Amino acid sequence: MEKQEQKEPSLEEAFQELEAIIEKMQNREVTLEESFSLYEQGIHKLKFCNEKIDRVEKQMLTLNQEGELEIFENTI
């Protein structure tokens, strides 16, 4: 059997999944055990989002005054 490659979710999809996790955690019917599991899923999803944003920032290019591409440097 061939292993199917799992498609990486887009940033928007990951944020939607994160919102769904938060909504589930706000439900008073969720047990403490389920809350811990949801929290762990949320942390992993948040880490994924941060890494994806970091990759995008590193790939950003800007045009300088001469019209040449330069790597974007975040000075904040």
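Read the figures in this text as sums done on the coordinates, not as results from a lab. Just so we're clear, the structure is a prediction, and the values are computed from it rather than from any experiment. Neighbour counts are summed over all protein chains in view; Cβ atoms, including those assigned to glycine, are modelled from backbone coordinates with ideal geometry.
Would you kindly state how much longer the chain becomes between residue 68 and residue 7 on full extension, computed as 0.36 nm times their sequence separation minus their alpha carbon distance, in nm to one decimal?
Gain on extension, residue 68 to residue 7, equals 18.6 nm.
How would you rank 28-36, 11-19, highest first, on the average number of other Cβ atoms within 10 Å across their residues?
Result, highest mean first: 11-19, 28-36.
Could you name the lysines whose alpha carbon sits less than 16 Å from that of residue 24, not counting residues in the same chain fewer than 8 places away?
45
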